[in-house]
Amino acid sequence: MRALLICIALILAPLTSANAVLPNEVLKDPLLEKRARALSKNIRCLVCQNQSIDDSNADLARDLRILVRERLTAGDSDTAVLDFLIARYGDFVMLKPPFKGSTYILWFGPVGIFIIAVIGLSVFFRRRQRLIAQGEDLTARLSGDERERLARLLDEDRP
Amino acid sequence: MPRLIFILPLLLFGAIAVYFAIGLTKDPRNLPSALIDKTAPEFTLPPLRDGEPGLANTDLGGEVKIVNVFASWCVPCKLEHPVFMRFSQQNDTPLYGINYKNIKSEAVAWLSQLGDPYQRIGFDLSGRVGIEWGVYGVPETYIIDKEGRIRYRHAGPILPKVMKETILPLITELKK
């Protein structure tokens, strides 16, 4: 039983967030610290690129974490802190791309492709439905070769 | 018409192949600077060596200038150093340095050993001025035009090829 519990604990261990924030960086005010953590999780570490500054051990990430906390302590709003960083490092500093003109294709692209696919499929099926409703024998459209193959395939299924 | 649909996957593959052929040759570490065509950020840095001039944004502008962010601990900086030595001997364009997060004595020793190509050096111990410039790795090199605007940023060492094919033509262009 104990072995099992230890196993479970070990399996779950990596799920607790491992982050790079050092104890001496943590702000005394828990509310500010919470905001700093939330912000840091969406700020990209420019050195390691796919890590947030909250996760990264890079020197620059540490500098930016301290900077974020300084600005929050000075009374900046969350957006003011982000704007400060975007002005210097560009939109890329945010892990989640901003929603604006140049990124519409990024946000709407997948939805657009899905809508086109749905329209295409519905046109395809509706047309087929209509042909069947009109009593058109669709097998008549097949070439002689294809008709033979179809007949053979259908025969295979018969007992 | 129905046959056309069979070509569609091939077309799609072609489009994706072109997309990757272009995308995968790009270096993801080469980030565009957010400061291109903007005035250099406000900053004031003390000198690296006492008694010498430091570096501030008011020192930029007037003529075309180069700002190079370097550190003695940075290995690629050593690689680009001889390129800047040669540049400072052959070109009268001012070359300014920002010494980034360096131990003072180490930076001074590094320069006296390898030579000092900079007319002015600002000492940025905390790296805060680096953040103002959007520095994310050293070395980085910026070209500032006569109006004091950042016109070009190169992240990584300036190798002879980059100097010859990018930096020098741009300086000539901006000096006009």
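Odds and ends about this structure:
- Options A:Val81, A:Ile116, A:Pro97, ranked by Cα towards positive dipole end of the stretch A:75-128, top entry (Cβ charges): A:Ile116
- Relative contact order, percent, chain A [alpha-carbon distance under 8 Å, six or more residues apart]: 14
- Between B:Lys164 and A:Ala87, the distance separating the two model label sites (each 7 Å from Cα on the Cα→Cβ line) works out to 4.1 nm.
- Between A:Asn42 and B:Glu147, the FRET efficiency from the beta-carbon distance, with R0 = 51 Å, is close to 0.90.
- Mean separation of Cα pairs under 8 Å and 6 or more residues apart, divided by the residue count, gives the stretch B:32-175 a relative contact order of 35 percent.
- Taking amide H as placed 1.01 Å from N in the peptide plane, B:Gly148 has its amide H under 5 Å from the amide H of B:Gly61, B:Gly62, each at least 5 places away in sequence or on another chain.
- Note on the stretch B:34-124: with charges restricted to the Cβ of Lys and Arg (+1) and Asp and Glu (-1), its dipole about the Cα centre is near 220 debye.
- Farthest positive-ward along chain B dipole, Cα basis, beta-carbon charges - from B:His81, B:Leu31, B:Leu4: B:Leu4
- Calculated from backbone phi, Karplus (6.51, -1.76, 1.60) coupling profile of the stretch B:154-162 in Hz, x at Gly/Pro: 10, 9, x, x, 7, 7, x, 5, 5
- Compactness of chain A, expressed as Rg and Dmax over alpha-carbon positions, Å: 29.4, 83
- For chain A, the longest principal axis of the Cα atoms and the long axis of helix A:144-157 meet at an angle of about 80 degrees.
- Cα-based helix-to-principal-axis angle, A:59-73 vs chain A, degrees rounded to 10: 70
- Multiplying the residue separation of B:Leu125 and B:Gln89 by 0.36 nm and removing their Cα-Cα distance gives an extension gain of 10.2 nm.
- Nitroxide proxy distance, nm - points 7 Å out along Cα→Cβ at B:Lys26 and B:Lys78: 3.4
- Residues A:Leu32 and A:Ala140, FRET efficiency given R0 of 56 Å [Cβ-Cβ distance, rounded to 0.05]: 0.15
- Potential extension, B:Thr39-B:Thr58 segment - 0.36 nm per residue separation minus Cα distance: 5.8 nm
- FRET efficiency for the pair A:Gln129 and B:Asp50, taken as 1/(1 + (r/R0)^6) with r the Cβ-Cβ distance and R0 = 51 Å, rounds to 0.05.
- Acute angle (nearest 10 degrees) that the helix B:4-23 long axis makes with the longest principal axis of chain B, alpha-carbon atoms: 10
- Using all pairs of distinct alpha-carbon atoms, the Kirkwood hydrodynamic radius of the stretch A:102-157 works out to 14.6 angstrom.
- In order along the stretch B:56-67, the phi-based Karplus estimate (6.51 cos²θ - 1.76 cosθ + 1.60, θ = phi - 60°) of 3J(HN,Hα) comes to 9, 5, 5, 7, 9, x, x, 9, 5, 9, 10, 10 Hz; Gly and Pro are listed as x.
- Whole-number D in µm² s⁻¹ for the protein assembly as shown, Kirkwood Cα-pair radius fed into Stokes-Einstein, 20 °C, 1.002 mPa s: 85
- Dimensions of the stretch B:32-175 along the principal axes, based on C-alpha atoms and rounded to the nearest Å, stand at 38, 30, 28, largest first.
Each reported figure results from applying straightforward, stated rules to the coordinates on display, with no laboratory input. Since the structure is predicted, the reported quantities are computational estimates derived from the model, not experimental observations. Heads up, the Cβs are rebuilt from the backbone with ideal geometry, glycines too, and the neighbour counts pull from every protein chain shown.
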